[in-house]
1. Per-residue ellipticity at 222 nm for the chain, helices alone: DSSP H runs ≥ 4 residues times -39500 (n - 2.57), over residue total, nearest 500 deg cm²/dmol?
2. For a quick check: with amide H placed at 1.01 Å from N, whose amide H comes under 5 Å from Ile162's, ignoring anything fewer than 5 positions away on the same chain?
3. Using only alpha carbon pairs under 8 Å that are at least six residues apart, calculate the relative contact order of the chain and give it in whole percent.
4. According to the Kirkwood expression over distinct Cα-Cα pairs, how big is the hydrodynamic radius of region 31-93, in Å?
5. If amide H atoms are built 1.01 Å from N in the plane of the peptide, which residues on other chains or at least 5 residues away come under 5 Å of the amide H of Glu109?
6. For the chain, compute Rh as the Kirkwood radius over C-alpha pairs and then the Stokes-Einstein diffusion coefficient at 37 °C and 0.692 mPa s; write the answer in µm²/s, rounded to an integer.
7. With only Lys, Arg, Asp and Glu charged, each at its Cβ (+1 for the first two, -1 for the last two), find how big the charge dipole of the chain is about the Cα centre; round to the nearest 20 debye.
8. Counting only protein heavy atoms and a 1.4 Å probe, tell me what percentage of region 90-147's accessible area is made up of carbon and sulfur.
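The values are calculated or read from the model by the stated rules, or taken from the named source; none is laboratory data. Small disclaimer: the values here were computed from a predicted structure and weren't measured. Counting neighbours? That spans all protein chains shown, and the Cβs are built from the backbone with ideal geometry, glycine included. Only protein heavy atoms, including side chains, enter the accessible area calculation; ligands, DNA and RNA are left aside. Shrake-Rupley method; radii C 1.70, N 1.55, O 1.52, S 1.80 Å.
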Amino acid sequence: MSAAGTIRVSEIFGPTIQGEGALIGEPTVFVRSGGCDYRCAWCDTLHAVDSEYRHEWRPMTAEEIFARVSRLSGGRPLTVSLSGGNPAIQPFGPLIALGRAAGYGFALETQGSIAREWFAELSTLVLSPKPPSSGMETDWAAFDACLEAAGGKPRIVLKIVIFDEADYAYARSASARYPNLPVVLQPGNHVGNQDSSADIDRLMAAMRALVARVVDDGWFSARILPQLHVLMWGNRKGV
């Protein structure tokens, strides 16, 4: 466990680009926290999830994290992406306050299982409920609490990973449940071992199949995006 008020950090890196979702291609510094309340079957960041790696997670204060972010960005404000694991577990509120005062924006992606009052201080909140292939169940009441905590202040985007037909049906249902949320669909990445090379041909085949499925359905409000960082660098950490 971290000391009171500190954040368990798996890694801080960048500037690089956001590789997926609503901010794909945008320059960003990543603050990846350690720990998650889920254990998805296809998790691609086990080094930030599995307790096997907890000795690598460093407890850091908001001031220490922001100093690192500022050094990496050369003091030039940009987007800071808070990720995990599930970053909603960590007390990110003070870091967001520090960064916003200096002109930085903050984006966070979470499965929507834990609501935090500081969601309202984000620039972008990506809610990514996990489909059946993950082996996890969605608590829609908790998801609704995340929306309530955000209070309509940040940009909110629904993002769902698609591995199979059951995942696709889940995505259609989730989008219908929240018709006012823009939706991003992402082909699933069959990761294999940590830091393994990506099977680009397989990923592109999945991308083509998902595009065809969405177009055939006339689901024209959905955006279909790859994991750009995986296409560029594979499944390595720190990119």
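1. On the way: 6 runs with 68 residues, N = 239.
After summing the helix terms and dividing by the residues of the chain, the value is -8500 deg cm²/dmol.
2. Here Gln186, Gly188 satisfy the definition.
3. Here the relative contact order equals 19 percent.
4. On the way: mean 1/r = 0.0785 Å⁻¹.
About 12.7 Å, per the Kirkwood formula over Cα pairs.
5. When sequence neighbours closer than 5 places are left aside, the close amide H contacts are Leu82, Val126.
6. Reported coefficient: 181 µm²/s.
7. Details: 22 positive and 25 negative charges, 125 e Å.
Computed charge dipole of the chain: roughly 600 debye.
8. On the way: 1110 of 2070 Å².
Ligands and nucleic acids excluded, carbon and sulfur reach 53 percent.
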